[in-house]
Structure formats: C-alpha cells, structure tokens
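The values are calculated or read from the model by the stated rules, or taken from the named source; none is laboratory data. Quick caveat: nothing in here was measured; it's all calculated off a predicted structure. A quick note on method: Cβ atoms are made from the backbone with ideal geometry, for glycine too, and the neighbour counts reach across all protein chains shown.
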Amino acid sequence: MLIDDMRSLGLSLDADAYNIIINKVAQKDLSAAEDLVVQMTNVQILPNEKTMDYFLRGYTSEGQPETGISMIQSCFNMYQVRPSRKIFMGSVKKFHKVREVHNSILFQTCLMVNSPIETWLQRCILYDKLSQARQTHEVQRAAYIFEQMWPEEKDYFWDTVSSWNTWRSQEMVED
C-alpha cells in the first residue's frame, strides 16, 4: 500500500500525511479508512481534528451520520480528539432533515384525512406534539456527545438546532 511504499523510501509519516490518505480512502471505503486510523495509532501518531472531520463527512455522505458520530465519540474517549464543530453540526443537520421530512409527510397525511373533524384535529395535535418534541433519539444522543466534546458550549447545540427549526418555520410561512 501507499503507506508501506512511503516508509520503504524513508519518508516519515505524520498526522497530516495520514489525513491526506484517509480523506481520499474515506470517500470510497470507510472501513479501509478506519483501518488506516488503527495503523496510524499503532505507530504512535494520533488522529486530529481533520481526521475526525474526514470520517464524519464520509459517514454523513453515506447517509450514516449516526455511525460517524459514534466513531467520533469513541475517538474522543480514547484520544481526546474531536471534529470541528461545523462538521459535527452538519452531520446532526443531516438526520435532523430526515426528521423534518417525516414530520412533513405526517402533516400532509393529517391534511388528507377524509374523516370527521375530531379525528382530523386529533391527528393534527399528534403532528404538533411530534414536531415540537425535542428531536429524535439520534439528535438527543448527538447533543449528549456534543456536550462531552464541548462542555463549555452546551447551549450552542440546541441554539443551532432551534435556528434550523425557526428557519424551516419561516420557509413554510413563505410557501
């Protein structure tokens, strides 16, 4: 592999060199990229913020932000390294959007109900409770992990998520 070739040429590898390789590999094969992190740590080179960003982006682009966040949490617990806040919140927004789509479908179903007004109102109340609930289980878990990694910025997470809700509400009013 490329890393072995570099070593045989006497080139030293540091976190930046590994990150360049991890970034490209993570775009194609996240499992292989994880193996690179193991190799990296086996030679006493610790992952850094960029390493975490590349993994989180990779998992998020694969539609698995919750897996990426779990991996990030493990690395934080082992190496005290965290991704950038921007990349972390981008991953959270990915499954926040999935929840929005679910609520939108539920609301549309609520409007299409061909039943007595009482049933319609009950379903709309259910929709309202679901849409106002404090996010899905995964977003709550992400909030817990965020607070582990950025304990001095606890309000930032929910303030950001609330701004997404405010933006979405304004968008619905404009439609």
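Filtered by the rule that a residue be touching an Asp or Glu at 6+ places or on another chain (Cβ under 6 Å) and of a type in the set (Asp, Glu), region 55-94 gives a lone residue, GLU66.
Residues in region 71-98 that are hydroxyl-bearing (Ser, Thr, Tyr), surrounded by fewer than 18 Cβ atoms within 10 Å (Cβ to Cβ) and at pLDDT below 90: none.
Among residues of region 21-45 that are under 15 Å from TYR59 (Cβ atoms), those with a Cβ under 8 angstrom from a residue that is surrounded by fewer than 20 Cβ atoms within 10 Å (Cβ to Cβ) and hydroxyl-bearing (Ser, Thr, Tyr), sequence gap 6+ or separate chain, pair up as GLN27/SER61.
Sub-9 Å Cβ pairs linking a first residue in region 66-92 that is at positive phi to a second residue that is buried (at least 19 other Cβ atoms within 10 Å of the Cβ), at least 6 apart or interchain, number zero. Taking the condition part of a helix (DSSP H, G or I) and farther than 18 Å from ASP4 by Cβ, does GLY63 pass? Criteria not met by GLY63.
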